[in-house]
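The values are calculated or read from the model by the stated rules, or taken from the named source; none is laboratory data. Everything quoted here is computed from the prediction, not taken from an experiment. In this analysis, Cβ positions are derived from the backbone assuming ideal geometry, glycine residues included, and neighbour counts consider all displayed protein chains.
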Amino acid sequence: MLRVILLVVAAILVVGFPSDESSSTTESPEQTRLKDAKKLLNKINKESGLWNNKVTIASWNYASNLTKENLATKVNVSLQSADYVKKMWRQVAEYPWQNLSDPDLRRQFQKLSVPGLAVLPDAAYEEHQNIVSSMENTYSTAKICEYKNPNNCDLALEPEITELLANSQDPEQLKYLWVEWRKASGEKVKSLYPRYVELSNTAAQLNNLSNYAQYWLKDYEADDFPEQVDALWQQLKPLYLQLHAYVRRQLREKYGPEIVSEDGPIPAHLLGNMWAQEWGSVSKISVPFPGKQIPDVTARMVEQGYNATRIFRLAEEFFVSLNLTRMPDLFWKNSILEKPNDREIVCHASAWDFYDGKDFRIKQCTRVTMDHLLTAHHEMGHIEYYLQYKDQPIVYREGANPGFHEAIGDVMALSASTPGHFKKIGLLDDDSVDTEAIINNLYVKGLEKIAFLPFAYAMDRWRWSVFQGKIKSDEYNCRWWDIAEEYQGIEPPVDRSEEDFDPGAKYHIVADVEYIRYYVSFVIQFQFHKALCERAGQYDPQNPKLKPLHQCDIYQSKDAGALLGSMLQLGSSKPWQDAMELISGQRVMDASGLLEYFNPLIEWLTAENQKTNEYIGWKPTTKRCVKTRAELIKSNKTNSDCK
């Protein structure tokens, strides 16, 4: 009996006496489900962070030193990570998360349920990784010979070719550079691209999506997103047409009507950029009021002894002035801010999150120019976004949508590129704002911002059609030029064929980076700029005493910084429409901010084109694109005989 009593006492000591209090704290079935869901998500978050860190380290090591050994390591680590993602994906697929009452937990599971390329079988995933890496390597190591000097064949895109395109006014040299770069880059990866498309589409289908275009568009969380993008273009197209007509006339006066027609597309090689995606260099021969202040502070930067580190310190100071986060010590220790002399690297500027909450880096082959100063603001905008959302779960450590991430640094650059700001930081003496100076400044900005819009749209219109099967592999190049003509109003300097692969001469095409994010960014950055200027007390359309939108500089505004930071901290934890509403009060993308910013230029261009009776738009190009170069040769011989 005593033994039985002792056993009962022991049991009571272990489990406790039953009471009303203990029964009242018993978890409900729903509470238990939520607790289990959080436990699983915490486990996935921890494991995903470790794998993301490993993959990012391997990717950085390869991008910053293009060796076969680093490529092999990168592919191997990616394969291991993909194996983990597949296992995690199966766990998520088997878990009944759809019925959870907590919307945040459902959102995390929903994002995890679309794992991307990792769902490919191991061999297919490795093949996809190798194809993209091979195309990227070809692009990053491509060299061409110097014009009229075949003994020097060491011209890289950055900096030599880019600088020649920006500064030369010899149409034959520009044509040579344009053609040779495409031979050295795009043409060499043409055979790889159809298989890349096939594997990408297979991955999308394994994610229960119809094609890779749909996979890219999922992050924009709107079924009608392509229609929204097109509606924005219809809103912006009239401004682009006016800019196009004015630039075409200026180029015709410079190069002659035999090169630039009165009513046709603009020859792409004359626009100062390898892809005609921004036309800033054309300002040298086309600025509306020569001699009036245009804030190119490159010479002053050189005079003051700027280097790459000082450029990035200046960009950092802008963010700090808004009471946002300073770059951590590891940023300065681990970033690559100048092109090294001892190895090949991917020079395309990029910002990196290593998913450990401490390591954030930029890789940029910085040169001491105003353009690279503003690029530094752009890339540091990515880092600031990383820093603001670093405490979110891994699945939320991304922009509200991809366009948001691209917009943030450019919002800073809109302020940092004003004459007033350059004067504040000692890079400009005269911040004149008379009417002619304003038109000049907006024109130069328009050559960057407005000219870019149809290029960015055309890039992914082409790729969406490729992934959707509307453009076949035997018509890649000709359809590329059809779309470029339709949206940009440009033409190649020489006839093209399907043996060329001009899309592959652009980094984002070969590096598997969707591009509509940049289009979105170039619209919403003006939406953000307007909202932040209002919060800074610098802009009010109803108050003529305040600065117009294009002169606003939010530098040193803690109020603007607080508003921006509150949005950045969300990451992708909320739909982008919520993030947009938080910062701008709107739930849709709206181009009215951009149009308001450029309104003085719009009015001036319209009046100027009317004065000269310019043809607005363009008639079909006379350049041809055919199946083979043999057809071009035969056709040219026939034409020659006829003459």
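Points worth noting:
- Per-region count, region 144-165, residues surrounded by 16 or more Cβ atoms within 10 Å (Cβ to Cβ), without any contact (Cβ under 8 Å) to a residue 60 or more places away in the chain and not aliphatic (A, V, I, L, M): 3
- Residue in region 457-468 that is closer than 27 Å to residue 166 by Cβ, modelled with pLDDT of 95 or more and among the acidic types (Asp, Glu) present: yes
- Residue 381 modelled with pLDDT of 95 or more and in a loop (DSSP other than H, G, I, E, B): no
- All of 371, 356, 391, 342 fail the test of being without any contact (Cβ under 8 Å) to a residue 24 or more places away in the chain and either over 17 Å from residue 309 (Cα atoms) or part of a helix (DSSP H, G or I) (or both), apart from 342.
- Filter result (within 21 Å of residue 484 (Cβ to Cβ) and basic (Lys, Arg)) within region 604-621: 619
- Looking across region 231-263, the residues that are surrounded by fewer than 21 Cβ atoms within 10 Å (Cβ to Cβ) and touching a Phe, Trp or Tyr at 6+ places or on another chain (Cβ under 7 Å) come down to 233, 262, 263.
Conditions tested, residue by residue: (1) touching a residue at least 24 places away in the same chain (Cβ under 8 Å); (2) in contact with a helix residue (DSSP H, G or I) (Cβ under 7 Å, 6 or more places away or on another chain); (3) outside any loop (DSSP other than H, G, I, E, B).
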| position | (1), (2), (3) |
| --- | --- |
| 422 | yes, no, yes |
| 427 | yes, yes, no |
| 437 | yes, no, yes |
| 445 | yes, no, yes |
| 450 | yes, yes, yes |
| 461 | yes, yes, yes |
| 484 | yes, yes, yes |
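- Restricting 624, 629 to residues that are in contact with a helix residue (DSSP H, G or I) (Cβ under 8 Å, 6 or more places away or on another chain), within 30 Å of residue 480 (Cβ to Cβ) and not small (Gly, Ala, Ser) narrows the list to 624.
- Count of region 41-77 residues which are in contact with a helix residue (DSSP H, G or I) (Cβ under 7 Å, 6 or more places away or on another chain), more than 20 Å from residue 342 (Cβ to Cβ) and aliphatic (A, V, I, L, M): 6
- Residue that is nearest to residue 118 (Cα to Cα), among those in region 33-63 that are surrounded by fewer than 18 Cβ atoms within 10 Å (Cβ to Cβ) and of a type in the set (Lys, Arg): 54
- Hey, residue 319 in contact with a Lys or Arg (Cβ under 7 Å, 6 or more places away or on another chain), within 30 Å of residue 565 (Cα to Cα) and either crowded, with 18+ Cβ neighbours inside 10 Å or at pLDDT below 95 (or both) or not: no
- Qualifying residue in region 208-218 (condition: touching a residue at least 12 places away in the same chain (Cβ under 8 Å), under 24 Å from residue 133 (Cα atoms), part of a helix (DSSP H, G or I) and over 24 Å from the mean Cα position of the chain (by Cα)): no
Residues checked against (1) basic (Lys, Arg); (2) more than 21 Å from the chain's Cα centre (by Cα); (3) crowded, with 19+ Cβ neighbours inside 10 Å:
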{"position": "388", "(1), (2), (3)": "no, no, yes"}
{"position": "393", "(1), (2), (3)": "no, yes, yes"}
{"position": "409", "(1), (2), (3)": "no, no, yes"}
{"position": "415", "(1), (2), (3)": "no, no, yes"}
{"position": "426", "(1), (2), (3)": "no, yes, no"}
{"position": "439", "(1), (2), (3)": "no, yes, yes"}
{"position": "453", "(1), (2), (3)": "no, no, yes"}
{"position": "463", "(1), (2), (3)": "yes, no, yes"}
{"position": "472", "(1), (2), (3)": "yes, yes, no"}
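- Identity of the residue in region 93-112, modelled with pLDDT of 95 or more and closer than 24 Å to residue 128 by Cβ, that ends up surrounded by the most Cβ atoms within 10 Å (Cβ to Cβ): 112
- Residue count for region 95-130, restricted to those that are touching a His at 6+ places or on another chain (Cβ under 8 Å) and over 24 Å from residue 511 (Cα atoms): 0.
Yes/no per residue for (1) part of a helix (DSSP H, G or I); (2) free of Cβ contacts under 8 Å to residues at least 40 places away in the same chain; (3) polar (S, T, N, Q):
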{"residue": "262", "(1), (2), (3)": "no, no, no"}
{"residue": "272", "(1), (2), (3)": "no, no, no"}
{"residue": "314", "(1), (2), (3)": "yes, no, no"}
{"residue": "317", "(1), (2), (3)": "yes, yes, no"}
{"residue": "320", "(1), (2), (3)": "yes, yes, no"}
{"residue": "325", "(1), (2), (3)": "no, no, yes"}
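- Restricted to region 523-546, and to residues there that are basic (Lys, Arg) and without any contact (Cβ under 8 Å) to a residue 60 or more places away in the chain, the residue that is farthest from residue 417 (Cα to Cα) is 545.
- When the criteria are applied in full, residue 205 fails the requirement of being over 22 Å from the mean Cα position of the chain (by Cα) and part of a loop (DSSP other than H, G, I, E, B).
- Test: residue 122 is at pLDDT 95 or above and surrounded by fewer than 17 Cβ atoms within 10 Å (Cβ to Cβ): no
- Selected residue (only one of 539, 615, 555 is under 23 Å from residue 403 (Cβ atoms) and among the aromatic types (Phe, Trp, Tyr)): 539
- Taking the listed residues 266, 294, the one that is farther than 30 Å from residue 431 by Cβ and β-branched (Val, Ile, Thr) is 266, with no other qualifying.
- Within region 185-194, being assigned to a helix (DSSP H, G or I) and surrounded by 22 or more Cβ atoms within 10 Å (Cβ to Cβ) holds for 186, 189.
- Selected residue [charged (D, E, K, R) and either modelled with pLDDT under 95 or under 21 Å from the mean Cα position of the chain (by Cα) (or both)] from 578, 590: 590
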